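Values in this text are rule-based calculations from the coordinates and carry no lab data. Treat the numbers as computed from the prediction; the structure is a model and nothing was measured. For neighbour counting, all protein chains shown are included, and Cβ atoms are generated from backbone atoms with ideal geometry for every residue, glycine included.
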Amino acid sequence: MAARTPAPDRLHSLFADGVLPEDCPSRTLLSHVTSKWGVLVLVGLADGSLRWSELRDTVQGVSEKMLAQTLRTLEADGLVHRDAQPSIPPRVDYSLTPVGQELVALLFPLVAWTVANAEALVPAVGR
């Protein structure tokens, strides 16, 4: 078997400092954004602000614990805005920040590709 060649020059020209090195800070953000729930929460907020229960209903299957954890992480990353209203009962709305909106615009083609190809690529047993 032939030895593997290094990554193509295109990768290095796009990411001069690399995204592949272990200590690259972009890896942390990538792991947050591309986690199962991260992508779905971000895309779920694409059409505007949602309350907690609306977001939980939109992103079907997410547990309350995972939704809370994902929202905290995405808020800390500056992708999601949390707006807590001082009312009774308490009202909290979640929305995308401008950079979150920019990111979602880039995620839509990935999600569309995934939807279009899922049946062909994922065995029926795994669904």
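Quick rundown of the values:
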quantity: 3J(HN,Hα) from dihedral phi, region 25-40, Karplus parametrisation 6.51/-1.76/1.60, rounded to Hz, x for glycine, proline; calculated: x, 5, 4, 5, 5, 4, 5, 5, 5, 8, 5, 3, 7, x, 4, 5
quantity: Mean separation of Cα contacts under 8 Å, 6 or more apart, over the residue count of region 37-109: relative contact order %; calculated: 38 percent
quantity: P(r) tail fraction, region 28-76 - alpha-carbon pairs more than 18 Å apart, %; calculated: 18 percent
quantity: Formal net charge of residues neighbouring HIS32 (Cβ-Cβ distance under 11 Å; K, R +1; D, E -1); calculated: 0
quantity: Scaled radius of gyration (Cα, divided by 2.2 N^0.38 Å) that region 26-119 gives; calculated: 1.07
quantity: Difference of contour (0.36 nm per residue) and Cα-Cα distance, ASP83 to GLU102; calculated: 4.9 nm
quantity: Exposure proxy order (Cβ contacts within 10 Å, fewest to most) of LEU50, LEU96; calculated: LEU50, LEU96
quantity: 13 Å beta-carbon shell around LEU50, net charge (K/R +1, D/E -1); calculated: -1
quantity: Most to least packed among 80-88, 65-73 [average Cβ atoms within 10 Å]; calculated: 65-73, 80-88
